[in-house]
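All of the numbers you see were taken from the coordinates with simple rules; none came from a lab. All values derive from a computational prediction rather than experimental measurement. Here the Cβ positions follow ideal geometry from the backbone for every residue, glycine too, while neighbour counts run over all protein chains shown.
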Amino acid sequence: MRAQGDRADSPFLRIGAAGVPADGVRGGEGATDLSYRRIHAESDRVPAGLLALGVRRGHRVAVAAPNSVEWLLTWLGAAKIGAVLVTLNVAYREREFVHMLNESGAVQLVCVDRHGDFDLVEFVSGLRPRPPTVEHVLFLGGPGFDGSLSWPDLLAAPPDPDALASVVAQVRPSDPAVILYTSGTTGEPKGAVLTHAGILASAAAQATHLGQRPDDVMIGHLPLNHVGGMTCTVVATLFAGGSIALLPAYHPRRALEAVAGQRVSIFVGVPTTYTMLLGLPEFADADTSTVRMCVIGGSNVEPHLARRILDAFPGARLGCRTPRSARSGAPTWCRSRAGRWTARRCARTAGGCSPSTRCPTRSWWSTRCR
């Protein structure tokens, strides 16, 4: 991500009405947006702190937190120096944490201090020293335990532009960038390794296929620890030069408020996301006129739900995405115009492959498989 050209001072993160903490990152009292230039500058401070803690290229940095500015800056900062981000669901408990931290060999854990009524400071303190590779624990929010770090501690190291440039120059497109873990439905969760090049290719394919634009605002409520939030929301938006209305997590009323307040143009979610949203009593009176694309995926879409979405967002097209695994974003898409037949087709089949994405049913790179 580079802060340059006429997009440098355009907003990348819209956080005014999102309830997303950004302590030490906001531009000042009442600031609501973070520009590309500001995010780029802030994400240079993070690698300085990581390098001061001994994190180097190839080292694993785990993060367990809801969507937040700090989560995003941790990822961007780690990626700049070639460290590999290990994404953990904040709802994980002892079995998942210990397994994933040990298997990934994480050297640092960035963790929210509390999630709802659950005290993660006490929880993580009780895990020590079972993940023996974890050398540092950094808590977002309140204070941690003795010996742990805070977000200001990480940002305290002064950036050294020459040292940072030297480290950045060693990072290669084929290097691992992220380790995402499967849910472990049929066994122990397995880590899927995503490279820098792979993430960019998937995000670029989506942005190109959907026709994402610099004036688009995408809702940012999909979890950042999943490809839906990471690749399909953040990196695809970076590729298009647009903005993200960032939310800590999905909540139907918060999402509806963001659509109107942040003038969201691309709304994304799984079928349940749309069912809950359309079920709100206040939805009928909400201003959704800015939405030009509704994207749905993650599971099968029933024709009647596709029809309801098209009726509820009359100015929008419907895109169905079908991720193949934790490693990819959304390799197959169906873009539907309003109409009963196309809504049914969009519900039953993905219908097309994203540009530059290998089609599972074809032997070569495909731009459309209709």
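In order along segment 216-230, the Karplus-derived 3J(HN,Hα) couplings, from 6.51 cos²θ - 1.76 cosθ + 1.60 at θ = phi - 60°, round to 6, 10, 9, 5, x, 10, 5, x, 5, 7, 10, 4, x, x, 6 Hz, and Gly and Pro are given as x. Altogether, the Stokes-Einstein calculation at 10 °C and 1.306 mPa s, with the Kirkwood radius of segment 108-190 over Cα pairs as Rh, returns a diffusion coefficient of 101 µm²/s. Of all DSSP-defined beta bridges confined to segment 54-206, some 25% are antiparallel rather than parallel. The modelled label-to-label distance for the pair R213/R292, using points 7 Å beyond Cα in the direction of Cβ, is 0.3 nm.
For F12, the residues whose modelled amide H falls within less than 5 Å of its own, excluding neighbours fewer than 5 places apart on the same chain, are L34, S35, Y36. Over segment 193-251, the hull volume per residue, using the convex hull of the C-alpha atoms, is 69 Å³.
Normalised Debye scattering of segment 163-309 at q = 0.11 Å⁻¹ gives log10 I(q)/I(0) of -0.49, counting only Cα atoms as equal scatterers and leaving out solvent. Built from the Cα atoms of segment 104-150, the convex hull projects on average onto 3.2 nm², one quarter of its surface area.
Karplus-based coupling profile of segment 294-305, in residue order and whole Hz: 10, 10, 9, x, x, 6, 4, 10, 6, x, 5, 6, with θ = phi - 60° in 6.51 cos²θ - 1.76 cosθ + 1.60 and x standing for Gly or Pro. Each peptide in 283-290, 188-195 was scored by the mean count of other Cβ atoms within 10 Å over its residues; highest first, the order is 188-195, 283-290. Taking amide hydrogens as placed 1.01 Å from N in the peptide plane, the amide H of D216 sits under 5 Å from those of S243, each at least 5 positions away in sequence or on another chain. If you take the Cα centroid of segment 241-268 and the Cα centroid of segment 114-157, the two points sit 30 Å apart. Ranked by the mean number of other Cβ atoms within 10 Å of their residues, highest first, the peptides 256-262, 138-144 come out as 256-262, 138-144.
Here the label points at A165 and R56, each 7 Å from Cα along the C-beta direction, are separated by 2.2 nm in the simple model. Think of segment 192-303 as a dipole: +1 on every Lys or Arg Cβ, -1 on every Asp or Glu Cβ, centred on the Cα centre; then among V270, G198, F283, G198 lies furthest on the positive end. Which distance in Å, rounded to a whole number, links the C-alpha centroids of segment 174-226 and segment 270-320? First find each Cα centre; the distance between them is then 22 Å.
If amide hydrogens are placed 1.01 Å from N in the peptide plane, which non-local residues have theirs closer than 5 Å to the one on H115? For H115, whose amide H was placed from the backbone, the distant partners under 5 Å are L120. Karplus-derived 3J(HN,Hα) values for segment 236-246, using 6.51 cos²θ - 1.76 cosθ + 1.60 with θ = phi - 60°, are 4, 5, 4, 4, 7, x, x, 10, 10, 8, 7 Hz; glycine and proline are entered as x. The per residue volume of the convex hull around the alpha-carbon atoms of segment 29-183 is 130 Å³.
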